[in-house]
Amino acid sequence: MIELKDLTYVRLGTRDLAVAEKFAVDVIGLQVGERRKNGLYLRSDSRAHSLCYFEGDPADQVVGFEVADSDALTAAGDALARDGHPVRRGSAEEAEMRGVHEFIAFHCPSGNHIELVTRPQKSGAATSPAATRALPDSTMWAFIRRTRCATKSSGPRSAMRGSAIASPPSADADQSDPSHIGAGEGGDTPASSTSTIRSRRSTTSCGLPTCWRS
């Protein structure tokens with residue numbers, strides 16, 4: 001079994017980068033990390049980017065997962081090939097576009113494009129209120145799922161206008177105090193709540209959103 005460290009990034013094609021940026025920043029609450037000629041890189045935490053919109057087909061959607069190192073990446077590629085999934089190793093230029101040291105790409109049985117990467121770039125401490133509230137992986141999956149479903153049903157424009165997810169936590173909430181998380185009716189917080197939350201955040205599932213499946 002391939003051991004994944006984390007969900008690293010999501011890459012989504014778009015016909016209109018300006019519309020995509022307005023949606024990602026004003027609705028989702030992401031922070032622009034970098035703009036390039038054909039791409040927009042958005043941050044949700046200390047990673048250089050967690051979402052990239054690039055000019056292209058909105059149906060072209062990629063999810064990237066991090067593995068431990070080059071040896072783990074090679075072992076993952078061998079395991080995928082043995083299981084009948086052709087693997088392509090990305091070029092140095094493609095790796096630079098993704099902000100990673102190296103990567104391999106393949107398709108799952110449902111036809112979704114998946115990449116495994118090593119050494120994703122970090123941008124250091126977040127510099128804006130929106131960026132300091134790291135979005136949980138579940139929020140990112142919800143965003144991908146709704147974008148994907150809207151694209152299938154109404155086309156790329158409707159996907160941009162119609163997508164909506166729950167807002168990130170309020171900026172007024174004291175994110176450094178875990179006492180507000182998991183409190184019961186009496187206000188008591190289980191002693192294991194913080195460790196449980198940390199464990200859930202660091203564990204990445206290979207499962208893909210249901211509506212990604214063809």
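Each value in this text was obtained by applying a stated rule to the coordinates, not by laboratory testing. Computed from a predicted structure; not experimentally measured. Note that each Cβ is placed from the backbone with ideal geometry, even for glycine, and that neighbours are counted across all protein chains shown.
Remark: the Met1-Ser46 segment gains 13.4 nm on full extension, using 0.36 nm per residue and subtracting the alpha carbon distance.
Here the Karplus curve 6.51 cos²θ - 1.76 cosθ + 1.60, taken at θ = phi - 60°, turns the phi angles of region 104-118 into couplings of 10, 10, 7, 10, 7, x, 7, x, 6, 8, 10, 10, 10, 10, 10 Hz, with x standing for Gly and Pro. Each label was represented as a point 7 Å from its Cα along the Cα-to-Cβ direction; for Ala68 and Val87 these points are 1.5 nm apart.
Both numbers refer to the Cα atoms of region 2-92; Rg and Dmax are 15.3, 44 Å.
Normalised by the number of residues in region 6-136, the average gap of Cα pairs under 8 Å and 6 or more apart makes the relative contact order 29 percent.
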